Amino acid sequence: MALPSELRMSDPAVLIATFFGVGALPKAPGTWGSAAALPVGVALFLAGGPWAVAASATVTFFIGWWATARVLEQTGGGDPGYVVIDEVAGQLMVLAIVPPDVTHVAFAFVVFRAFDILKPWPIGWLDRNIHGALGVMVDDIAAGALGALVIGLGGLVILAYLL
């Protein structure tokens, strides 16, 4: 997806909002943004555990909100596909609760993408009713939170069954 002519990759807000240009990749920028978050989440988990990933998701949300606001000021608003920092923040939320192995990370990716695309309640409500930079960010944070909740509850059910 090409960036609008008024945006420059030399602008820190554009770099952040597009997650260093990932959002400018052709076709399915949200999926590319989520995929780009995977090695970051795994590295953070290995370096500092789940709390490091969760803290990174929080920091990414706030920095992403700022960057997205700057980009929307330059382009006139909406929820442009090339802004993928929201997917990165949401994906990191789900990665915070899974072990950093291929199976769990792949499952976290699929669960997050499913919630982000299908937008069940409350994600869809947030997407329709909160606008601007916060609106761009918050539905993906909700998808990440719901994904983490579903995976976490599923793990508890399995653990209870085994005990």
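Laboratory data are not the source of any read-out in this text; all were calculated from the coordinates shown. In this text the structure is predicted, and so the values were computed from the model without any measurement. Cβ: placed from backbone, ideal geometry, glycine included. Neighbour counts: every protein chain shown.
Quick notes on this one:
- Among H104, H131, sorting on how many other beta-carbon atoms sit within 10 Å of each Cβ, with the fewest leading, yields H131, H104.
- Cut-off 14 Å between beta-carbons: net charge of the residues surrounding V84, Lys and Arg +1, Asp and Glu -1: -4
- 3J(HN,Hα) along region 46-58: 5, 7, x, x, x, 5, 5, 5, 5, 5, 5, 4, 5 Hz, from the Karplus curve 6.51 cos²θ - 1.76 cosθ + 1.60 with θ = phi - 60°, whole Hz, x for Gly and Pro.
- Summed side-chain charge close to A142 - residues other than A142 whose Cβ falls under 10 Å, Lys, Arg +1, Asp, Glu -1: -3
- Semi-axis lengths, Å, the chain, gyration tensor of Cα atoms, sqrt of 5 times eigenvalues: 28, 17, 13
- Each label was represented as a point 7 Å from its Cα along the Cα-to-Cβ direction; for F107 and I130 these points are 2.8 nm apart.
- The relative contact order of region 1-67 comes to 31 percent, based on Cα pairs under 8 Å that sit 6 or more residues apart.
- Between I117 and I63, the simple spin-label model (points 7 angstrom out along Cα→Cβ) gives 2.8 nm.
- Based on C-alpha pairs under 8 angstrom that are at least 6 apart in sequence, region 12-162 has a relative contact order of 28 percent.
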